[in-house]
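All remarks here apply to the structure that follows.
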Amino acid sequence: MDQSREAHHSAGRARRCRSKELTLVMQQRDEALVGDAETARIEEQEQWAAGGGAYDVVEDLKDRAVVRRGGDTPAGVLVGDHGQLRGIVVFTLDEEAGRGAGAHQRRQPAPGGRLVKVSLQIPSSTWPSGPGRIGATLAEIARTAEASGFDSLAVPDQLWQHPWPGRPGGPEREMLEASSTLAFLAAHTSRVKLLTMVTNRRFGLRRCWPRPSPPWTC
Amino acid sequence: LDVLSGGRAWLGIGAGHFEQDEARGLGIAFPPLQDRYEMLAETLQICLRMWNGERGDQRPFAGKHYQPDRPLNSPQSQTRPHPPILVGGDGEQKTLRLVARFADACSLRPIPELPHKLEVLRRHCGAEGTDYDAIEKTCVFAFDAGEAGTKAGELVERLRRLSEQGIQTVFGRVAKVEQITPLEIMGRDVIPAVAAL
């Protein structure tokens, strides 16, 4: 933790800082720079920021702030008091700091650059551990996806499984009913949005169409 | 779901395409496409009525396919004015018009015609008098960051190109999601990078 903050101290100057109730959880992104993941209060981050860390708020949504400063370096997430993800933070060293600049070549943001949110589709529950472990596996997927910064979890609204490119599928394979699955996912998460997505199948099957039915013979 | 999850539900809905065999197998009605579009439009209107006011509109709705006498909804959705509506599909004549008319989000595919689809949506918004910019542009995808994140850079680059085309959210499956590690790789190598595009 100290090692990490020390690294940030050498990074530049603070411009702005988000609300103080947020906790900053650093994710390992550049081993030389951050070391292991750490948790630190944002107030402490302000201290290191005053001594050198630099970042900008680029997206200030109602319940989170996404922060960045050009170039590339470690990324972290802002987490609220109850553990919910509040945003993603990407920190960068100033070029004169001499480190990090070439580590991952992230481009400078284009003017009017957009935030792209990444959402997870869970199209099936055919997993090697078998039907008896679907609930436990799904809960772990949900929790990990939330902690990893996915914006939402989407499940198909269908009762028979359809095939996906590169993997076997078909009506005999496991397919969970959507509403109860979403309720289950809701109980295992606190931040992610939840929805059904009926369109994923079209995407996957486009190259197989038209074909004699049933479509999963593709 | 919206109430139980503390306001995290979206309504993702479409006319349906490949359920025919499932419907036949389970004895569920699967009307012709034209009817399904009409039913989708009516469903959206009924949903909006139920999300209206404290407990729904409660006035009779006289549709061709559905005729609820009293669209009552209690408890009301926690998300106000209502959970976001995502209408899936990129059919230019009907689906994208329904998106323009009713939806908060569209769901497109990463195909060469994507910019054209967005242009069609913009035209429909003009005709319907709705705000194109207010509609969230989403796209389906498949995330493959490779074993240990070796393909993360390539994936971020593909997402950047989608972003430049106007896509704001990507919905994708992750191969071997049940092994959990692929999700952690996404969280480490892709999502933070994409958030900073």
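The values are calculated or read from the model by the stated rules, or taken from the named source; none is laboratory data. Note that the structure is a prediction, hence the values are computed from the model and not measured. Ideal geometry is used to build each Cβ from the backbone, glycine not excepted, and the neighbour counts take in all protein chains shown.
One line per residue, one yes/no per condition, for (1) assigned to a loop (DSSP other than H, G, I, E, B); (2) among the polar types (S, T, N, Q); (3) in contact with a Pro (Cβ under 7 Å, 6 or more places away or on another chain):
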residue	(1), (2), (3)
B:His65	yes, no, no
B:Leu72	yes, no, no
B:Ser77	yes, yes, yes
B:Pro83	yes, no, no
B:Leu86	no, no, no
B:Pro112	yes, no, no
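Residues that are basic (Lys, Arg) and without any contact (Cβ under 8 Å) to a residue 12 or more places away in the chain: does the stretch B:144-157 have at least one? Write out each step before concluding.
The initial filter retains those residues of the stretch B:144-157 that are basic (Lys, Arg), namely B:151.
After this cut, where a residue has to be without any contact (Cβ under 8 Å) to a residue 12 or more places away in the chain as well, the list is B:151.
There is at least one residue in the stretch B:144-157 that is basic (Lys, Arg) and without any contact (Cβ under 8 Å) to a residue 12 or more places away in the chain.
Out of everything in the stretch B:165-180 that is touching a helix residue (DSSP H, G or I) at 6+ places or on another chain (Cβ under 7 Å) and touching a residue at least 12 places away in the same chain (Cβ under 8 Å), what residue ends up being farthest from the other protein chains (Cβ to nearest Cβ)?
B:Gln165
Tell me which residues, restricted to the stretch A:171-182, are at the interface with chain B (Cβ under 10 Å from one of its Cβ atoms) and assigned to a loop (DSSP other than H, G, I, E, B).
If the condition is that a residue be at the interface with chain B (Cβ under 10 Å from one of its Cβ atoms) and assigned to a loop (DSSP other than H, G, I, E, B), then A:Pro171, A:Met175 are the ones that fit.
Sort through B:Val156, B:Val120 and tell me the only one that's of a type in the set (Val, Ile, Thr) and at pLDDT below 95.
Matching residue, one of B:Val156, B:Val120: B:Val156.
From the list B:Arg101, B:Arg160, B:Arg97, B:Arg122, which one is outside any loop (DSSP other than H, G, I, E, B) and within 13 Å of chain A (Cβ to nearest Cβ)?
From the options B:Arg101, B:Arg160, B:Arg97, B:Arg122, the qualifying one is B:Arg160.
Please state which one of A:Leu185, A:Leu195 is in a helix (DSSP H, G or I), under 20 Å from B:Gly6 (Cα atoms), in contact with a strand residue (DSSP E or B) (Cβ under 7 Å, 6 or more places away or on another chain) and at pLDDT 85 or above.
On the way: A:Leu195 fails: in a helix (DSSP H, G or I).
After ruling out the rest, the residue left standing is A:Leu185.
Residue by residue through the stretch B:139-157, note down the ones that are part of a helix (DSSP H, G or I) and within 9 Å of chain A (Cβ to nearest Cβ).
B:Gly153, B:Val156
Residue by residue through the stretch B:17-59, note down the ones that are surrounded by 13 or more Cβ atoms within 10 Å (Cβ to Cβ) and at positive phi.
Scanning the stretch B:17-59 gives B:Gly56, B:Gln58.
Regarding the stretch B:99-111, can at least one residue be identified that is over 15 Å from the mean Cα position of the chain (by Cα) and among the hydroxyl-bearing types (Ser, Thr, Tyr)?
No: the stretch B:99-111 contains no residue that is over 15 Å from the mean Cα position of the chain (by Cα) and among the hydroxyl-bearing types (Ser, Thr, Tyr).
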